[in-house]
1. Using a simple charge model, +1 on the beta-carbon of Lys and Arg, -1 on the beta-carbon of Asp and Glu, nothing else, what dipole does region 11-257 show about its Cα centre, in debye to the nearest 20?
2. Which shape class applies to region 40-130: rounded if a/c is under 1.5, otherwise prolate when a/b exceeds b/c and oblate if not, where a ≥ b ≥ c are the square roots of the Cα gyration tensor eigenvalues?
3. For Leu14, list long-range residues whose amide hydrogen, built 1.01 Å from N in the peptide plane, is under 5 Å from its own amide hydrogen.
4. Once you list every other residue whose beta carbon is under 11 Å from the beta carbon of Arg200, what net charge do they have if Lys and Arg are +1 and Asp and Glu are -1?
5. Per 10 Å bin from zero, what fraction in whole % of the C-alpha pairs of region 107-260 is there, up to the bin with the longest pair?
6. Taking only Cα atoms, what is the 0 to 90° angle, nearest 10, from helix 79-89's long axis to the longest principal axis of the chain?
7. Would you tally the net charge around Val28, using a Cβ to Cβ cut-off of less than 13 Å, leaving Val28 out, and scoring K and R as +1, D and E as -1?
8. For the chain, what is the number of Lys pairs with C-alpha distance below 26 angstrom, counting only pairs 8 or more positions apart or on separate chains?
Amino acid sequence: MTTFETRTETVAMLIQPGHNPEVIVNAVRAIFPNLVVIEEQPESKKLFILRRAKKLGWPQALGQLATMVVSKYGKRFTVKRAAEIREQFGVSGTIDPTIPRVAISSANSPDLLKALGDIRPAALLLFSCRMLKAYTLAAIPCPVLNFHAGIIPQYRGLQGGYWSRILSDEENFGGTVHLVDAGVDTGDTLYQQRTKPSKRDTMHTYPLLQTAVSTGIIVKALEDAVTGNLKPLKIAAPSRQWYHPPIWTWLWNGVTRGIW
């Protein structure tokens, strides 16, 4: 396991509230005690579905919404496995009340730029938040990094761990830290961490596993960013953006292949 020295630089994280983001928050805070967390309000499901329907059509959009609902309520049945993952990798998703937090309406609102102007971080890490528009990115003076629960460029977008299993490509089950550009997980890769899911893992636990196993590369990438040592990689591999599986795809693969 890589050992990191405590850093004095101020860094910021932009997240939406949730258990997995707090895993990263706590891991980063352990090395960067001057961390400030910026929390944006989640997008409404109505806007999400309208945007998805416009891009993929209503059947796919509603099918994906059904899977998201099932996933939300299905997590209560994977509490034990989630606890095992946290214990195995020594991570915690408990909210630390001592960490400074700033609430904003949206990642692309003037609130973000104001918050960053006040914080003046040496680097900004994104996780589980809206995509930054090109005009927002252009106005941020520090390096902007993102943690993606998937191996890119093969598994950009959503549910990268699930789709790697569906394609019998478990060698590419893991997480990626990359630079942020205006595309969907298309920025240059900094680090990747692969792992092997347990037979007991499902779509409810894949993201936690990918996050927990990747805290080391996340901290390393931030260290590189604040010390001016970023070394982006160009990876030659097929690039594809993925979405939540529609409910019928998820059920079919679960029943016929045991991949939930």
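Throughout, read-outs are computed from the coordinates displayed, never taken from laboratory work. Just so it is clear, the model here is predicted, and its values are computed rather than measured. Using ideal geometry, Cβ is built from the backbone for each residue, glycine included, and neighbour counts are taken over all protein chains shown.
1. For region 11-257, the charge dipole is close to 800 debye.
2. oblate
3. Under 5 Å from the amide H of Leu14: Ile38, Leu125, Leu126, Phe127.
4. Spelling it out: positives minus negatives among the neighbours equals +1.
5. That works out to 11, 38, 32, 15, 4, 0, in percent per bin.
6. Computed tilt is about 40 degrees.
7. With Lys, Arg at +1 and Asp, Glu at -1, the net is -1.
8. Taking the chain as the scope, the lysine pair count is 29.
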